[in-house]
Amino acid sequence: MKALCWHGKKDVRYDDVPDPRIEEPRDAIVKVTSCAICGSDLHLYDGFMMGMESGDILGHEFMGEVVEVGAADHRLKVGDRVVVPFTICCGECEQCRRGNFSVCERSNRNKGLADKMFGHATAGLFGYTHLTGGYAGGQAEYVRVPFADVAPVKITNGLTDDQVLFLGDILPTGWQAAVQCDIQPTDTVAIWGAGPVGQFAIRAAVLLGAKQVVVIDNVPERLGMAEAGGATTINFDHESVVERLNDLTAGKGPEKCIDAVGMEAHATRSLDSLYDRAKQAIMLETDRPHVLREMIYVCRPAGTLSVPGVYGGLIDKLPFGALMNKGLTLRTGQTHVNRWTDDLLRRIEEGQLDPSFVITHTVALEDGPEMYKTFRDKKDGCIKVVLKP
């Protein structure tokens, strides 16, 4: 089959690779009908995530049709149409029983490696480094889905791929980011990053009743989309984020702050962002935590910081004294996708949400390598790329 494979920094190729096969009785094979490039994939493309090997199949945001089912999978049948969450979960361990699917205790087949890196292994993820199991991803014609009797979301209602594809990652990621904030009707919610996750965090914050939603970015198309979703926007290239947020909150700062950026913050107007770029260039720091610092500084005392943005290693000069003395709550984590999918699918069916609004480019899978560059450079108003095998 054909797939998009990682061969090093900024080197993604459209390769011939072996077809997947059933390896365990609970497996299924899915023929991919739609997949997407996620912002998290750009961290791999830019070479900032450890644990990648040349030839790894990329992609963790995909859906399709079941074409083969293992002997012990009694939930799926050939012909079922499914969205596959990016988190691989067994459904049986203590964490899965608690609904903490992104830290499943059984699905990471490289547990020993992840234990050394993080202290404890997290769940296996599709197409996302050998620290998370080294599973082949979904930017391909076919995918093997482990524990397929647990996570895949069946689509039986005639909704299009574009409407439901993002149930596998960015829609529940934006939703969880907002839910973690425990939004109250009097809250101002500030969101750093108006990419796809930020866009869904905006819609989630509005649906959950925030008084005011403010979004920080510097790409005009993304800021325009954020405004259409009901947000006040700040272009960090043109004004001080801290000053503007204080102006919008009568000097008190936002109660809730969401980091939808992660390890590759692109701000360049501040000394700390220049410091991060210098340290990262000489490999003394893996991540650029400018957004985290800014959130800690501007957040209202006793407020909440929610971090769906991906971080991979070590950060420097984090103002932990401000975090502690202001009594801030920090909530993080990969998304517990299946905790949210039933509710979100219902909201899509009822018309409360139509996630397809983020799609700006739809191309053939073979055009994926070029679209990685387009997405990375934010060209042509690129916000979300969908690939069709």
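The values are calculated or read from the model by the stated rules, or taken from the named source; none is laboratory data. Being a predicted model, the structure only gives us computed values, none of them experimental. Cβ coordinates were reconstructed from backbone atoms using ideal geometry, including for glycine residues, and neighbour counts include every protein chain displayed. Please note that ligands, DNA and RNA were not included when accessible areas were found on the heavy atoms of the full protein model with its side chains. Shrake-Rupley method; radii C 1.70, N 1.55, O 1.52, S 1.80 Å.
Of the residues that sit in the stretch 211-233 and are of a type outside the set (D, E, K, R) and over 22 Å from the mean Cα position of the chain (by Cα), which one is surrounded by the fewest Cβ atoms within 10 Å (Cβ to Cβ)?
Initially, the stretch 211-233 is screened for residues of a type outside the set (D, E, K, R), giving 212-216, 218-220, 223-226, 228-233.
Among the residues that remain, those that are also over 22 Å from the mean Cα position of the chain (by Cα) are: 212, 232.
Details: Gln212: 18, Thr232: 15.
Residue satisfying both the conditions and the ranking: Thr232.
Give the residue, chosen from Gln163, Gln199, that is in contact (Cβ under 8 Å) with a residue 60 or more places away in the chain, open to solvent by less than 10 Å² (accessible area, probe 1.4 Å) and within 19 Å of Gly351 (Cα to Cα).
The conditions single out Gln199.
If the requirement is being among the acidic types (Asp, Glu), open to solvent by 70 Å² or more (accessible area, probe 1.4 Å) and out of contact with any strand residue (DSSP E or B) (no Cβ under 9 Å at 6 or more places or on another chain), which of these qualifies: Glu53, Glu23, Glu68, Glu92? Walk me through how you get there before you give the answer.
Numbers: Glu53 fails: out of contact with any strand residue (DSSP E or B) (no Cβ under 9 Å at 6 or more places or on another chain); Glu23 fails: out of contact with any strand residue (DSSP E or B) (no Cβ under 9 Å at 6 or more places or on another chain); Glu68 fails: out of contact with any strand residue (DSSP E or B) (no Cβ under 9 Å at 6 or more places or on another chain).
Every option except Glu92 fails the conditions.
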Original post:
Would the stretch 354-377 turn up any residue that is surrounded by fewer than 21 Cβ atoms within 10 Å (Cβ to Cβ), touching a strand residue (DSSP E or B) at 6+ places or on another chain (Cβ under 7 Å), assigned to a helix (DSSP H, G or I) and acidic (Asp, Glu)?
Top reply: yes
Subject >> The lone exception for Pro18 - which of (1) more than 23 Å from Leu314 (Cβ to Cβ); (2) in contact (Cβ under 8 Å) with a residue 24 or more places away in the chain it fails >> reply: (2)
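Quick one: which strands (runs of 3 or more DSSP E) sit completely within the stretch 249-347 and have at least 1 residues that are open to solvent by less than 40 Å² (accessible area, probe 1.4 Å), closer than 30 Å to Val83 by Cβ and among the polar types (S, T, N, Q)?
Numbers: elements: 256-259, 304-307, 329-332.
Answer list for the stretch 249-347: 304-307.
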Original post:
Right, Met324: at pLDDT 95 or above and over 19 Å from the mean Cα position of the chain (by Cα) or not?
Top reply: yes
**OP:** Inspect the stretch 182-196 for any residue being open to solvent by 20 Å² or more (accessible area, probe 1.4 Å), under 30 Å from His7 (Cβ atoms) and assigned to a helix (DSSP H, G or I) and give the result as yes or no.
**Re:** no
Original post:
In the stretch 223-231, is there at least one residue being in contact with a Cys (Cβ under 9 Å, 6 or more places away or on another chain) and of a type in the set (A, V, I, L, M, F, W, C)?
Top reply: no
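Name the single residue, out of those in the stretch 64-86 being charged (D, E, K, R) and under 25 Å from the mean Cα position of the chain (by Cα), that is farthest from Ala151 (Cα to Cα). Let's see the steps before the verdict.
Here is the first cut: in the stretch 64-86, the residues charged (D, E, K, R) are 65, 68, 73, 75, 77, 80-81.
This time we only want the ones that are under 25 Å from the mean Cα position of the chain (by Cα), so: 65, 81.
On the way: Glu65: 15, Arg81: 13 Å.
Out of the qualifying residues, it is Glu65.
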Original post:
Just wondering, is there one or more residues in the stretch 195-203 that are in contact with a strand residue (DSSP E or B) (Cβ under 8 Å, 6 or more places away or on another chain), over 25 Å from Asp380 (Cβ atoms) and among the β-branched types (Val, Ile, Thr)?
Top reply: no
